[in-house]
Amino acid sequence: MKIDRLISIIMILSNRKRVSAKELAEKFEVSVKTIQRDIDAINMAGIPIVAYKGYDGGYEIMENYKINKSVVNEKEHSMVFNLLEGLSKVYEDKTIENLKEKFKCANSSMNLIEEGNIVFDFSSWGNADNTREKLNIISEALKLRKTIEFTYITFDGNSTKRELEPLKIIFKGLNFYICGFCRLREDIRLFKLTRIKGLNRLDNDFVPRIVDINEFFKPREDNLITLKLKFNKSALNKLDDYFDAYVIEFNEKGDAIVEVEYPENSWIYSMLLSFGSDIEVIEPIHIREIIRKNAEKIIKLYK
């Protein structure tokens, strides 16, 4: 929208000494003449912008003119900027870059990253290019209202080819997900980004469907089981990754006793097995038996 572009131009000029029309045109993907008209509109709004010709020419806000930037305090600026900076490492979006420019402008004398006490980084450890590439493809499909296709690997290791009408990109529980209408299952589904392979945008149009995203995050009540687990001391540093502190108690030997409800599925079996010999399933008996059989299969692999 034009108003967003005008505000962003004002913030860029406030944050930097001089910017050329060509640089602004490339940033906002418009013509130089459009930028010139934008500058005229900003001048008419009462913000004096001076144009300089020549090799080092460009636009800058008239010296001694001050823009009121006291919307939020310095700590709030730093917090929001760090959040945007972390998100921009995996998600390339002009709105995010424009917001960063605005916050730089508001505190141009500060190093917003160093001033903050919290560092946000939404990228994975190692190379984040794969995550960034996937998010860019999905974001473009969302904008153009085009379907995407990919191979999805389930938690059980099975793979299926999907065509999806993307609706939302979701970040929850330290993972990215894509929510959309799956044409294979004919239903709204949620897909974990790391399990999506061979992602491509198709040229198939769709009309976005209305979906209540909050429905996906309600606690599941189907197939719930109550687990009673015992962990030895060497596992204590990992318990908080899966269980809230209030469900953990300790016996006289220092072992942690956990009682918690989870839907029974293959994820539960894998999660319990990931603790190795540091865990004992006390109840229910049938889960204890499943874990025992899986442990025996693992032992056979190494005989």
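Just so it is clear, none of the values below were taken in a lab; they were calculated from the coordinates. Computed from a predicted structure; not experimentally measured. Here the Cβ positions follow ideal geometry from the backbone for every residue, glycine too, while neighbour counts run over all protein chains shown.
Computed over the range 2-61, the P(r) curve from all C-alpha pair distances, binned at 10 Å from the origin, holds 23, 65, 12 percent per bin.
Using the Cα atoms as the points, what is the convex hull volume per residue of the range 224-301 in Å³? List each step's numbers first, then the result.
On the way: hull volume 7.3 nm³, N = 78.
Residue-normalised Cα hull volume stands at 94 Å³.
For the range 129-217, the convex hull spanned by the alpha carbon atoms encloses 100 Å³ per residue. Annotation note: chymotrypsin sites (Phe, Trp or Tyr not before Pro) in the range 220-303 located in DSSP loop regions with a Cβ neighbour count of at most 10 within 10 Å are TYR302.
How large is Rg/Rh for the range 160-287, to two decimals, with Cα atoms and a Kirkwood Rh?
1.08
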